[in-house]
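K.L.:
Once you've had a glance at the structure underneath, I'll fire off some questions.
The values are calculated or read from the model by the stated rules, or taken from the named source; none is laboratory data. Please read all numbers here as calculations on a predicted model, not as lab measurements. Counting neighbours? That spans all protein chains shown, and the Cβs are built from the backbone with ideal geometry, glycine included.
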Amino acid sequence: MRLGLFGGSFDPVHNGHLALAACCAEQGQLDAVWLIPAAVQPLKPDGPVAADADRVAMLRLATEGQAGREVSTIEIDRGGVSYTVDTLRQMRGQLPDAELFFLMGADTLRDFSSWREPAEVLRLARPMVVQRPGEGGVATEVPHLRIDMPPMAVSSSDLRRRIAAGESIVGLVPDTVAEYIARHGLYR
Ligand SMILES: Nc1ncnc2c1ncn2[C@@H]1O[C@H](COP(=O)(O)OP(=O)(O)OP(=O)(O)O)[C@@H](O)[C@H]1O
Ligand SMILES: O=C(O)c1ccc[n+]([C@@H]2O[C@H](COP(=O)([O-])O)[C@@H](O)[C@H]2O)c1
């Protein structure tokens, strides 16, 4: 099985994330994509704004009813700083026969050399990378598969800013996620 692992802060999940997963699944012929919210992303040491349970709940709403999408709480369950190499080792141990791909946007690939054990990460999984508006071309020595995605200028930080400013987020996240954010008063 060809399994796509898609790690992120997902603070909150948005339509750019969902499009990334869909484009990689289609063009990379993936059997499934697992979305993996980080507890604490190593290069974002302040940690996420929303609670782990809220980020997981929003991911579940965003992927509800979509075939081949799952939310994995492996990093939240492990706790602490979420190093991708630890996650891939755990996945490899649980799924020895799966071919693993690690999904990301070009901005994430740009910082790849500062990750923990980047060579080991590449031994365990192949990066699958989409372009991101505002990022230049993917100029990097890191071997990766390029996936084409229509540009979507949405980011979690812009969403948090919009919500705090009382601006609309309609069309940027699934309606169920927008309702969850409003109902729980997140990011105000
Ligand atoms: N609009 C987008 N287009 C392409 N890739 C994206 C987009 N938004 C996020 N990604 C990718 O999804 C992964 C997870 O992103 P993350 O959860 O940090 O969201 P973000 O929108 O980048 O958040 P923030 O604005 O807080 O940095 C990263 O690899 C990132 O490059
Ligand atoms: O393992 C690392 O050192 C490492 C450093 C930076 C980012 N990552 C992972 O890259 C993914 C994208 O992170 P983000 O928050 O920038 O979207 C997420 O799964 C992070 O845990 C991993």
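K.L.:
Test R160 against the criterion of being part of a helix (DSSP H, G or I), touching a residue at least 12 places away in the same chain (Cβ under 8 Å) and within 15 Å of ligand 2 (Cβ to nearest atom), and give yes or no.
P.N.:
yes
K.L.:
Which ones in segment 1-35 are surrounded by fewer than 17 Cβ atoms within 10 Å (Cβ to Cβ), assigned to a strand (DSSP E or B) and near ligand 1 (Cβ under 10 Å from one of its atoms)?
P.N.:
If the condition is that a residue be surrounded by fewer than 17 Cβ atoms within 10 Å (Cβ to Cβ), assigned to a strand (DSSP E or B) and near ligand 1 (Cβ under 10 Å from one of its atoms), then no residue fits.
K.L.:
Sticking with this one: Can you list the strands (runs of 3 or more DSSP E) lying wholly within segment 36-144 that have 1 or more residues being more than 24 Å from M1 (Cα to Cα), more than 16 Å from the chain's Cα centre (by Cα) and not small (G, A, S)?
P.N.:
none
K.L.:
Going residue by residue through segment 170-184, is there one that turns out to be within 16 Å of ligand 2 (Cβ to nearest atom), within 19 Å of the chain's Cα centre (by Cα), β-branched (V, I, T) and not in a strand (DSSP E or B)?
P.N.:
no
K.L.:
OK, next. Is there a residue in segment 140-149 that is near ligand 1 (Cβ under 9 Å from one of its atoms), out of contact with any Phe, Trp or Tyr (no Cβ under 6 Å at 6 or more places or on another chain) and at pLDDT 95 or above?
P.N.:
yes
K.L.:
Give the residue, chosen from L172, L109, L159, L145, that is in contact with a Lys or Arg (Cβ under 7 Å, 6 or more places away or on another chain) and either under 23 Å from V33 (Cβ atoms) or of a type in the set (F, W, Y) (or both).
P.N.:
None of the others qualify; the one that does is L145.
K.L.:
Can you tell me how many residues in segment 113-129 are modelled with pLDDT under 95 and hydrophobic (A, V, I, L, M, F, W, C)?
P.N.:
0
K.L.:
Hey, another quick one. Would you be able to tell me the number of residues in segment 70-112 that are closer than 17 Å to P48 by Cα and of a type in the set (K, R)?
P.N.:
Total satisfying the criteria: 1.
K.L.:
Given the conditions (1) assigned to a loop (DSSP other than H, G, I, E, B); (2) within 12 Å of ligand 2 (Cβ to nearest atom), which single one is not true for A153?
P.N.:
In the conditions (1) assigned to a loop (DSSP other than H, G, I, E, B); (2) within 12 Å of ligand 2 (Cβ to nearest atom), A153 misses (2) alone.
K.L.:
For residues that are touching a Pro at 6+ places or on another chain (Cβ under 9 Å) and either touching a residue at least 60 places away in the same chain (Cβ under 8 Å) or at positive phi (or both), scanning just segment 50-71, find the one that is surrounded by the fewest Cβ atoms within 10 Å (Cβ to Cβ).
P.N.:
Here the residue is E64.
K.L.:
Please determine, by comparing only the residues of segment 9-44 that are of a type outside the set (D, E) and free of Cβ contacts under 8 Å to residues at least 40 places away in the same chain, which one is farthest from ligand 2 (Cβ to nearest atom).
P.N.:
Q29
K.L.:
Count, please, the residues in segment 73-103 that happen to be more than 11 Å from ligand 2 (Cβ to nearest atom), small (G, A, S) and in contact (Cβ under 8 Å) with a residue 24 or more places away in the chain.
P.N.:
3
K.L.:
Turning to a different aspect of this structure: Residues G47, G79: which one is of a type in the set (G, A, S), surrounded by fewer than 18 Cβ atoms within 10 Å (Cβ to Cβ), on the phi > 0 side of the Ramachandran plot and at pLDDT 95 or above?
P.N.:
G79
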